[in-house]
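The values are calculated or read from the model by the stated rules, or taken from the named source; none is laboratory data. Keep in mind that what you see is a predicted model, and the values were worked out from it rather than measured. Counting neighbours? That spans all protein chains shown, and the Cβs are built from the backbone with ideal geometry, glycine included.
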Amino acid sequence: MSNSTKQSYWWYIPILLVMALGYIVGGCLVFGLHFLNWFPTLTDNTARLVIKLFGMGMLGSTMYCTKWWAEDIDEAISKPELLPHAFDSFGYATTIIGGGITGTVLYIAFRSGALLTVTDPANAGMRISFALFIGFCGGLFHFKVKDWFESAIQKMLRKRR
């Protein structure tokens, strides 16, 4: 049984558009806020940092999607029954948005860990460059971070029983 009527190389066009938007939106959120002072009415530094972290997570997950897309094309060339279909672009889009969320949550986890390990919480600051790196890594390793959080929560729940 072949799904070739619903699957086509043409479905790579919306996937490419989604990935391009991931790079553009992620880059604009980070570099626009950091260097160009976009959204000047947003004066709260924490809110600006969260948006930057979300953008870095998007950039990281878009890089991950680019690798995934290259492997997908290689597979589709060798096995035409694995061509993309209409919903593949939604999978890429949700992965990119999820990477933004994961990057932000990973920073919060690192920040919380730093607060627990220092004696003076007022001095538990983190450089913005390191915070953005954490956000990027959270997006890049979106699925690995998700798996790590799941296993950590499972361990905590087992200890409480």
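Evaluate segment 109-130: report whether one residue or more is surrounded by fewer than 19 Cβ atoms within 10 Å (Cβ to Cβ), modelled with pLDDT of 85 or more and within 19 Å of the chain's Cα centre (by Cα). Within segment 109-130 (the criterion being surrounded by fewer than 19 Cβ atoms within 10 Å (Cβ to Cβ), modelled with pLDDT of 85 or more and within 19 Å of the chain's Cα centre (by Cα)), the answer is no, since none of the residues qualifies. Residues that are touching a Ser or Thr at 6+ places or on another chain (Cβ under 8 Å), surrounded by 12 or more Cβ atoms within 10 Å (Cβ to Cβ) and on the phi < 0 side of the Ramachandran plot occur in segment 37-52; there is at least one.
Residue-by-condition table, conditions (1) in contact with a Phe, Trp or Tyr (Cβ under 6 Å, 6 or more places away or on another chain); (2) of a type in the set (A, V, I, L, M, F, W, C); (3) more than 16 Å from I128 (Cα to Cα):
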{"site": "S8", "(1), (2), (3)": "no, no, yes"}
{"site": "I15", "(1), (2), (3)": "yes, yes, yes"}
{"site": "V30", "(1), (2), (3)": "no, yes, no"}
{"site": "A47", "(1), (2), (3)": "no, yes, no"}
{"site": "K52", "(1), (2), (3)": "no, no, no"}
{"site": "I73", "(1), (2), (3)": "no, yes, yes"}
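Here is a check on your reading of the model: is A20 over 19 Å from S129 (Cα atoms) and exposed (fewer than 14 other Cβ atoms within 10 Å of the Cβ)? Criteria met by A20. Do we find a residue being in contact (Cβ under 8 Å) with a residue 40 or more places away in the chain, farther than 26 Å from A152 by Cα, aliphatic (A, V, I, L, M) and touching a Leu at 6+ places or on another chain (Cβ under 8 Å) anywhere in segment 4-25? No, segment 4-25 contains no residue that is in contact (Cβ under 8 Å) with a residue 40 or more places away in the chain, farther than 26 Å from A152 by Cα, aliphatic (A, V, I, L, M) and touching a Leu at 6+ places or on another chain (Cβ under 8 Å). What pairs can you find where one residue is in segment 145-161 and in a helix (DSSP H, G or I), the other is surrounded by 10 or more Cβ atoms within 10 Å (Cβ to Cβ) and hydroxyl-bearing (S, T, Y), and their Cβ atoms are less than 8 Å apart, with a gap of 6+ or different chains? That search, which allows pairs on different chains as well, returns V145/T102; K146/T102. Tell me, yes or no, whether segment 56-79 has at least one residue that is at pLDDT 90 or above, over 17 Å from L17 (Cα atoms) and not hydrophobic (A, V, I, L, M, F, W, C). Yes, segment 56-79 has at least one match.
Based on this model, can you work out whether A93 counts as loosely packed, with under 14 Cβ neighbours inside 10 Å and more than 20 Å from F130 (Cβ to Cβ)? Can you show your working first?
Values: loosely packed, with under 14 Cβ neighbours inside 10 Å: no; more than 20 Å from F130 (Cβ to Cβ): yes.
Considered against the rule, which asks whether it is loosely packed, with under 14 Cβ neighbours inside 10 Å and more than 20 Å from F130 (Cβ to Cβ), A93 comes out as no.
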